[in-house]
Amino acid sequence: MDVPISGTVYDTLLNYKGTLAELGEAVHEPPYREPPKAPVLYIKPQNTFTGFGQLIPLPDDVSELEVGASLGVVIGRRSTRVNESDAWDHVAGYTVVNDVSIPHDSLHRPAIREKARDGFCPIGPWVIDRPAVTNPDGLGVRVFVNGQLRQENTTENLIRSVAHLIADVTEFMTLNRGDVLLVGVPEGAPRVEAGDRLRIEIDQVGRLENTVVSEDEWVVGER
């Protein structure tokens with residue numbers, strides 16, 4: 001199935017209360033020294049995009065991957081310096097995103113090798129129109145691996161609400177129609193291996209399913 005978005009995907013680090021709590025006192029030590037005062041963003045480039053039901057490659061030199069379940073906020077129009085009270089006028093809808101990554105510890109440098117690999121950003125299977133989601137700041141997020149519940153959280157636990165995040169991000173950069181702003185990944189991201197079947201569910205938005213395979217098997221499947 002095709003990817004249902006057309007723009008750039010931006011993800012947000014440390015936007016769940018639990019992910020910041022996991023850092024403990026380390027957040028006050030170099031190189032951080034204090035909790036972030038602005039959104040910490042990174043890009044998932046187009047080579048990472050893949051759709052519902054597609055395969056996720058496990059690199060040959062890696063034993064497992066992290067599942068990054070996230071609500072994707074799809075931007076509906078050019079957005080610059082948006083007021084929090086007007087943020088909803090700039091949202092076209094919502095989708096489910098898996099910000100796949102190779103497990104790593106460092107948060108103070110761009111994790112390109114760990115996050116920007118081919119096939120590391122399943123999206124979809126659709127975009128739900130904004131009015132269909134009554135409260136994006138109160139959505140349950142669940143991850144199932146081989147049918148077993150492995151992670152459960154809610155967007156109630158965001159440090160920056162969806163509207164607050166849009167306002168903060170557009171204060172220093174423009175988001176364009178079709179771009180996707182991910183609200184962040186909850187703490188305790190499940191780890192998976194080749195052969196594992198993944199399902200991410202977000203209330204009122206949808207269900208995203210993919211399977212992890214070895215990189216060799218993935219390359220054959222892509223031909």
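Failed condition for residue 156, given (1) closer than 11 Å to residue 82 by Cβ; (2) out of contact with any strand residue (DSSP E or B) (no Cβ under 7 Å at 6 or more places or on another chain), with all others met?
Answer for residue 156: the failing condition is (1).
Return the residue satisfying two criteria in turn: it lies in the range 184-223 and is touching a Ser or Thr at 6+ places or on another chain (Cβ under 6 Å) and surrounded by 14 or more Cβ atoms within 10 Å (Cβ to Cβ), and of such residues it is nearest to residue 77 (Cα to Cα).
Applying the first criterion (touching a Ser or Thr at 6+ places or on another chain (Cβ under 6 Å)) to the range 184-223 yields 184-185, 187, 194, 197.
So of that shortlist, the ones also surrounded by 14 or more Cβ atoms within 10 Å (Cβ to Cβ) come out as 184-185, 187, 194.
Working: 184: 21, 185: 25, 187: 31, 194: 39 Å.
Ranking the qualifying residues of the range 184-223, first place goes to 184.
Within the range 4-51, how many residues turn out to be modelled with pLDDT of 80 or more, outside any strand (DSSP E or B) and more than 19 Å from residue 190 (Cα to Cα)?
11
The values are calculated or read from the model by the stated rules, or taken from the named source; none is laboratory data. For clarity, every value in this text was computed on a predicted model and none was experimentally measured. Cβ atoms come from the backbone with ideal geometry, glycine included; neighbour counts cover every protein chain shown.
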